[in-house]
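The values are calculated or read from the model by the stated rules, or taken from the named source; none is laboratory data. If you're wondering where the values come from, they're calculated on a predicted model, not measured in any experiment. When we count neighbours, we look across all protein chains shown, and the Cβ atoms used for this are built from the backbone with ideal geometry, even at glycine. What goes into the accessible areas is simple: the full protein's heavy atoms, side chains included, and nothing from ligands, DNA or RNA. Shrake-Rupley method; radii C 1.70, N 1.55, O 1.52, S 1.80 Å.
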Amino acid sequence: AQMVAEYEAAKAAASDQLPPGLREECETMAVLFTNPRGLRLYGVGAPVEEGQFFATNVSEIPYFDLRLTPPSIIRDHTQLNASGYVELSLEALPQLDDADHVLLYVGDPDKTAELENHPLWKALPAAQNGKVYKLPFDSLTIGGPVIMRQRLDEFVALVSAP
């Protein structure tokens with residue numbers, strides 16, 4: 001119980017350190033993951049039973065812990081698959097126009113390079129404004145309270161850097 005309480009306190013402290021736009025929920029954040037097959041856009045998760053949500057590892061910190069606002073394309077959880085994401089083609093990137101920030105998990109360096117060199121990606125406001133934050137995907141595969149706390153701190157440091 002103490003670990004849970006400590007993590008709740010850490011979430012509150014982390015929330016206070018976020019850039020004002022994200023903290024005040026007037027800016028949105030998309031969570032993307034590149035893998036050899038392409039691009040995944042993660043959502044907030046779907047209600048499993050009354051009052052209970054499942055969290056996907058990838059979007060847990062921004063959406064569950066810090067309650068950040070997803071872009072409009074992903075707000076409707078009914079389009080998510082059982083793992084909590086939708087496959088996104090490069091041609092569909094303009095649908096992320098209202099994502100002020102993008103958290104990009106690099107699962108495949110080649111796909112990431114392809115994405116970053118794509119004109120539709122370069123046209124996105126988040127890319128143009130330097131609001132894309134990259135993390136290695138392997139930082140997500142291990143759970144536990146200590147790791148979650150490290151990931152929370154890492155996320156906040158990343159999005160708060162000038």
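State in Å² the accessible area per residue of the chain; use a 1.4 Å probe, count heavy atoms of protein chains only, and round to the nearest integer.
51 Å²
Modelled label-to-label distance, Asn117 and Arg23, 7 Å Cα→beta-carbon offset: nm?
Distance between the two pseudo-spin positions: 4.0 nm.
Can you give the angle from 0 to 90° between the axis of helix 2-17 and the longest principal axis of the chain, with both taken from C-alpha atoms, to the nearest 10?
Roughly 50 degrees, rounded to the nearest 10.
What FRET efficiency would be calculated for the residue pair Gln79, Asn35, taking the C-beta separation as r and a Förster radius of 25 Å, to the nearest 0.05?
0.85
If I compute solvent accessible area with a 1.4 Å probe over the protein chains, what percent of it on the stretch 2-133 is carbon and sulfur?
The value for the stretch 2-133 is 50 percent carbon and sulfur by accessible area.
Non-local amide H neighbours of Leu68 (under 5 Å, H modeled in plane, Pro and chain starts lacking H): which ones?
Amide H to amide H, under 5 Å and 5 or more residues apart or across chains, Leu68 pairs with Tyr63.
Using a simple spin-label model with points 7 Å from Cα along the Cα→Cβ vector, what separation in nm is obtained for Glu8 and Glu154?
2.6 nm
Taking every DSSP beta bridge with both residues inside the chain, roughly what % is antiparallel (nearest 5)?
So the antiparallel bridges amount to about 50 percent of the total.
Fully extended, how many nm does the chain gain between Lys134 and Asp97 (0.36 nm per residue separation, minus their Cα-Cα distance)?
Taking 0.36 nm per residue and subtracting the Cα distance, the gain is 11.5 nm.
Relative to the first principal axis of the alpha-carbon coordinates of the chain, what is the inclination of helix 145-160, with its axis defined by its Cα atoms, in degrees from 0 to 90 and to the nearest 10?
The angle comes out at about 50 degrees.
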